Amino acid sequence: MSVNHQNRFFNKAVVGLLFGLWLASPGSWALEKGITEKTIRIGANLPLEGDRKINGLALKRGIEAAFANQAVRGLQIEYVALNDFYDPAKSVETVKQLIEKEVFATLGNYGTPTVKATLPLLAEHKIPVVAPYTGAAFTGPGDVLNFRASTASEVESVVEAALAAGVKPSEVCAYVQNDGLGMNGLKGVRSALAKQAGAEKSVAKIDQILNMAGDAPERNGMGPVGVYQRDTTNARDGYQSLKKWETDVGSRCRLVATTGVYDAAATFMAYARYKNEAWVFSSVSTAAGGRLQALLKGKGISDNIITTQVVPSLTSSLPVVAEARKALGEHLNEVSLEGYLDAKLLVAVLQAVDGPLTRENFLKAARRQPYDLGGLKVDFTTSNQGANAVTLSVLKNGQYVAANLSELTGLFSNNGARPANTQ
C-alpha cells in the first residue's frame, strides 16, 4: 500500500472516529428538540389555577420532587408546566407554547378532555406523551405511554368486588360525568356485568347509552345510569334517573359506581343520603383520597364509600414510596405520589437510552424492557399501558381501610337498612 493511500485510509478512520464521538457528545444532542448542552426540557399542561388546581399543583410538586438533583448524562431536567385551567381550548394553546419552547416530551398532562384535545397536535410534532393524568387509556394519536390504570379498570374492579360480595347485576348502578371521563367509567361497569348471567338488560341499556352521538347527549332516564353535566354539581336529574331504573326493574341500587370529579361526586352522595337511600357508593382515583374524605366529612358522611387508587398505599413499605415520603413530607398524597412515580419512570427510561438522546431512542428504550421503580414494576414491552394495578379501600368511621372480601361483604350485607338523614 502506498504512503499516500495509507494516509488517506488513516485520515478516513480518524474522521470516522471523530464523527462517532461527536454523535455521542453533548453538543450533538442539541440536534433533537428539547435537548441542550445543559438541560432536557420536559413540558406539561396542568390546572395550576381554578377549580382543579389542588390536583394540578400536587402532580407538579411530585414530579419536581423526583426531578430534584437528578441528571441524565450530566444534563439537568427542566420541567415546564403551564396552566390550562382544565379547559380543552386553553390546553391547545398551552401545548402550542410548549412546542415553541421545544420540549423533548410531555409528562403528567392532566385530564381526559384536555389530553384528548391536545394529542393530535403533539402527534403532529412527534412529541412523546408520558404518563398523562387520565384514565382514558389513550393509544394515540402519536406516542402515548400510560402509567396509571384506566378508569374503566378501576370501575370494573369495584363492580367485580361488589358482585363477589353478593350484589346482583341488576343492583349495580352508575352515576357519571356526561363526557368521555364518565363514559370510560361506564365501560368498566359494562365490562364487569357482561361476564354475569342475568345482566343482559343492564348491559343492553348501557350499550345504548354509550353509543349515543354527541359530546353530552341526554342520557338520564334510560338505564341504570344517572349523569351530570361537566362543570356542574346538580345531582337531582341523575338521582331521578336511578330511581326510575329501580322502578322499571323492581330492584334497587345497592352499588352506585361514580365516575366524576370531587365536588360532583360528594354532592351526589350527600343528596342520596338526604333522600335516605341505603346505596353504597364508589369513587375512582381522580375523585378519591383525602379531599373526598374531607368533603364527605363536611356533609356528615363517614361510611359506605369505596374508593380506588392506581398508586400504592401512602404507608406502603415499597422503597419508592418511602423515598417519596421523605422527599414530599407533608405534601405526600395520592396525586403527588403519582407525579413522583411518573417522573421516576421518565428518568429511568432516559437513563436506559442507547445512543444519542433522541425521541426515537427514548421510545425504543421505553418499550425494550420492564422498569423497576423501587418495588413497582412498569412494563411497556407489550402495549402502551405500563401498569394496571388497582387497589380498593372503604371509608369506615371516617378513615380508609383495606377493602378485602370480608369487609365488602359486611358493607353490602345490611340490605334493608337506610342511613339516617344527614342533612
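The values are calculated or read from the model by the stated rules, or taken from the named source; none is laboratory data. Quantities reported herein were computed from a predicted structural model and do not represent experimental measurements. Counting neighbours? That spans all protein chains shown, and the Cβs are built from the backbone with ideal geometry, glycine included.
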| Which condition breaks for Pro217 when tested against (1) in contact with a helix residue (DSSP H, G or I) (Cβ under 8 Å, 6 or more places away or on another chain); (2) under 28 Å from Tyr110 (Cβ atoms); (3) loosely packed, with under 13 Cβ neighbours inside 10 Å? | (1)
| said: For a quick check of your reading of the model, give me the residue pairs whose first member lies in the range 361-379 and is within 23 Å of Pro319 (Cβ to Cβ) and in the same structural domain as Val349 (by TED's automatic domain parsing), whose second is surrounded by fewer than 20 Cβ atoms within 10 Å (Cβ to Cβ) and of a type in the set (Lys, Arg), with beta-carbon atoms closer than 6 Å and at least 6 apart or on different chains. | reply: Pro370/Lys377
| task | Would you confirm whether any residue within the range 277-285 is within 14 Å of the chain's Cα centre (by Cα), under 23 Å from Gly62 (Cβ atoms), of a type in the set (A, V, I, L, M, F, W, C) and not assigned by TED's automatic domain parsing to the domain that holds Lys187? | result | no
| task | Mind listing whichever residues of the range 59-90 are crowded, with 20+ Cβ neighbours inside 10 Å and under 13 Å from Ala327 (Cα atoms)? | result | Gly62, Ile63, Ala65, Ala66, Phe67
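Let's see how each residue does on (1) in the same structural domain as Asp215 (by TED's automatic domain parsing); (2) modelled with pLDDT under 95; (3) of a type in the set (A, V, I, L, M); (4) not in a loop (DSSP other than H, G, I, E, B):
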position	(1), (2), (3), (4)
Pro113	no, yes, no, yes
Thr118	no, no, no, yes
Ala123	no, no, yes, yes
Lys126	no, no, no, no
Ala137	no, yes, yes, no
Val155	yes, no, yes, yes
Val159	yes, no, yes, yes
Leu163	yes, no, yes, yes
Ala174	yes, no, yes, yes
| request: Please work out which residue is surrounded by the most Cβ atoms within 10 Å (Cβ to Cβ), limiting yourself to the range 363-390 and to residues that are assigned to a helix (DSSP H, G or I) and touching a helix residue (DSSP H, G or I) at 6+ places or on another chain (Cβ under 6 Å). | output: Ala366
| said: List the residue pairs whose Cβ atoms are under 7 Å apart, where the first residue sits in the range 390-411 and is within 15 Å of Gly290 (Cβ to Cβ), the second is among the basic types (Lys, Arg), and the two are 6 or more positions apart or on different chains. | reply: Gly398/Lys297
| Pairs with Cβ under 6 Å, 6+ apart, first in the range 335-347 and more than 21 Å from Thr308 (Cβ to Cβ), second surrounded by fewer than 24 Cβ atoms within 10 Å (Cβ to Cβ) and at pLDDT below 95 | Val347/Gln70
| request: Could you list, in sequence order, all residues of the range 221-240 that are farther than 13 Å from Thr267 by Cβ and crowded, with 22+ Cβ neighbours inside 10 Å? | output: Gly223, Pro224, Val225, Val227
